[in-house]
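Data block below; observations after.
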Amino acid sequence: MNQQRLVLWNPYASQAEANMDLKADIQQTPDTRIHELSEQDNLKDFLEKQSHHPLLVIAGGDGTIHKVLNQVGASNEKFDFAVLPLGTGNDLANATFGKISPWDCWQAIAEDRLISRKLDLGKVKVDQQELYFFNSIGGGISAEFSKNVTKGEKKTLGSLTYLKGSLEVITNPKRFHVNYRLDDGEWNAREIANFFASSSSICGGGLEVAPGAKNNDGMLHFITYRAMNSIDRVILMTDYLAGRYEENEAVKSEVCNRLELNSEETLKVSIDGEIKSGCHFQIELFPQALEIQIPDLSE
């Protein structure tokens with residue numbers, strides 16, 4: 001018997017409205033059900049009532065995946081996960097199996113042309129709250145920008161929304177005093193404009209923050225942008241757009257498995273798009289701890 005599929009459809013995802021024909025096609029697919037996500041959803045309770053353990057197809061963007069993995073439990077062995085990319089950036093999908101249309105992705109899922117892939121999984125403790133993340137944490141100016149992005153902007157600008165955000169990060173003069181240490185190393189003090197702690201090379205709709213990183217290489221990439229004057233910010237913006245920003249002296253790139261970071265003031269962070277605030281952050285990466293089913297594109 002074929003595995004049952006439960007499609008967790010986010011009607012608010014930026015590409016959901018444009019793919020209503022796809023939704024109708026999914027509803028006609030044998031062994032498949034759709035559950036529309038809402039803000040009031042308690043997925044853990046809902047899924048515990050399922051008599052079988054279907055393939056959970058997360059139909060949405062990175063924020064939807066983040067929400068589902070944290071409600072269900074990213075290490076939950078009762079369910080297999082797959083992704084149907086309907087978001088603005090779709091960073092997990094793009095980094096794992098490339099840019100393919102939602103229709104092509106669904107066709108592979110419906111035909112059971114899937115292969116298992118194990119990805120690195122992160123956990124962050126913000127003050128006293130713990131969350132899973134699968135892609136990146138951005139702290140400082142980037143998180144403040146993300147907090148102010150509207151759903152309308154995402155639908156209108158698409159991935160250009162994140163390019164706008166990258167320019168905001170580089171040109172904004174705000175600065176934060178932080179202390180951090182990697183693994184069990186020495187504490188370091190740094191005045192920064194922004195930081196990323198990423199398991200992948202990309203975030204924000206394909207913008208490279210950690211060139212060469214892979215989301216299954218077992219390494220947490222920690223990138224900081226030090227506070228700069230206006231001239232240095234212009235130079236960094238030029239280097240960033242030219243794809244050589246890691247060579248800029250204002251950028252520091254390090255790798256680790258665990259990261260502790262303390263900020264003198266409350267710092268906003270964007271955890272796969274979810275905004276949190278705190279002063280104390282503990283971040284750890286668990287190599288290849290998240291298993292998902294991805295389209296087999298070898299044919």
Q: Restrict the check to segment 136-157 and report whether at least one residue is open to solvent by less than 60 Å² (accessible area, probe 1.4 Å) and modelled with pLDDT of 90 or more.
A: yes
Q: Go through segment 131-141 and give me each residue that's under 16 Å from the mean Cα position of the chain (by Cα), under 18 Å from C279 (Cβ atoms) and either assigned to a loop (DSSP other than H, G, I, E, B) or of a type outside the set (A, V, I, L, M, F, W, C) (or both).
A: G138, G139
Q. Just wondering, is there one or more residues in segment 84-106 that are modelled with pLDDT of 95 or more, touching an Asp or Glu at 6+ places or on another chain (Cβ under 8 Å) and open to solvent by less than 60 Å² (accessible area, probe 1.4 Å)?
A. yes
Q. What strands (runs of 3 or more DSSP E) lie completely within segment 27-96 and have 2 or more residues being under 20 Å from N215 (Cα atoms)?
A. 55-60, 80-85
**Q.** Count of segment 11-31 residues which are within 24 Å of E77 (Cβ to Cβ) and either modelled with pLDDT of 95 or more or loosely packed, with under 12 Cβ neighbours inside 10 Å (or both)
**A.** 0
Q | Residue that is surrounded by the fewest Cβ atoms within 10 Å (Cβ to Cβ), among those in segment 193-219 that are modelled with pLDDT of 85 or more and charged (D, E, K, R) | A | K214
Q) What pairs can you find where one residue is in segment 261-281 and free of Cβ contacts under 8 Å to residues at least 40 places away in the same chain, the other is in a strand (DSSP E or B) and not hydrophobic (A, V, I, L, M, F, W, C), and their Cβ atoms are less than 9 Å apart, with a gap of 6+ or different chains? A) T266/S277; T266/G278
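The values are calculated or read from the model by the stated rules, or taken from the named source; none is laboratory data. Quick caveat, the model's predicted, so the values are computed rather than measured. Virtual Cβ from ideal backbone geometry, glycine too; neighbours counted across all protein chains shown. Note: areas computed on protein heavy atoms with side chains; ligands, DNA, RNA excluded. Shrake-Rupley method; radii C 1.70, N 1.55, O 1.52, S 1.80 Å.
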